[in-house]
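Peer 1: Just dropping this structure here.
No lab work stands behind these numbers, since they all come straight from the coordinates. Treat the numbers as computed from the prediction; the structure is a model and nothing was measured. We place every Cβ from the backbone using ideal geometry, glycine too, and count neighbours over all the protein chains shown.
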């Protein structure tokens, strides 16, 4: 990876739908050269994919709570076992293995506090969670 690859990644992180022509203009390349670099970055696994961020309320979602759950695993639970279970639970949108006092940070959506309670109970019962600490998102700046 060189300086141009880093610039391309920065532009794509802000706008993954940018045309190759506009991307090339932003980083000083032709459209074909920009496209070739993006294809190479994808082939090499630097770019793993493209995502669409959806505003749940605008999309009619009834799942009103976005939560961040700090998770500490039981001593008899492996990371692989936890990940296999938690990724199948409804409402889980992201699972990140982290450093610090907790083992994982889990991002999830829940329709209401009762649904959140059910999710937390399932994490402890099925996914090997010893302790959790939950924060509810109030709003997100974009």
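Peer 1: Rounded to two decimal places and with Rh computed the Kirkwood way over Cα pairs, what is Rg over Rh for segment 16-119? Intermediate values should be presented prior to the final figure.
Peer 2: On the way: Rg = 19.3 Å, Rh = 17.1 Å.
My calculation puts Rg/Rh at 1.13.
Peer 1: Quick one: which of 66-73, 78-85 comes out on top by average Cβ neighbours within 10 Å, and what's the full order, highest first?
Peer 2: Working: 66-73: 18.5, 78-85: 13.8.
The densest-packed peptide leads the list: 66-73, 78-85.
Peer 1: Quick one: which of 92-98, 133-139, 25-31, 107-113 comes out on top by average Cβ neighbours within 10 Å, and what's the full order, highest first?
Peer 2: On the way: 92-98: 12.7, 133-139: 10.7, 25-31: 14.6, 107-113: 16.6.
Ranked from most to least packed, the peptides come out as 107-113, 25-31, 92-98, 133-139.
Peer 1: Which of 87, 116 comes first, and how do the rest follow, when ranked by fewest Cβ neighbours within 10 Å? Display every interim value, and only then the final one.
Peer 2: Details: 87 12, 116 19.
So the ranking, lowest neighbour count to highest, is 87, 116.
Peer 1: Let me ask something additional. Using only Cα atoms, tell me the angle between helix 3-14 and the longest principal axis of the chain; keep it within 0 to 90° and round to the nearest 10.
Peer 2: 50
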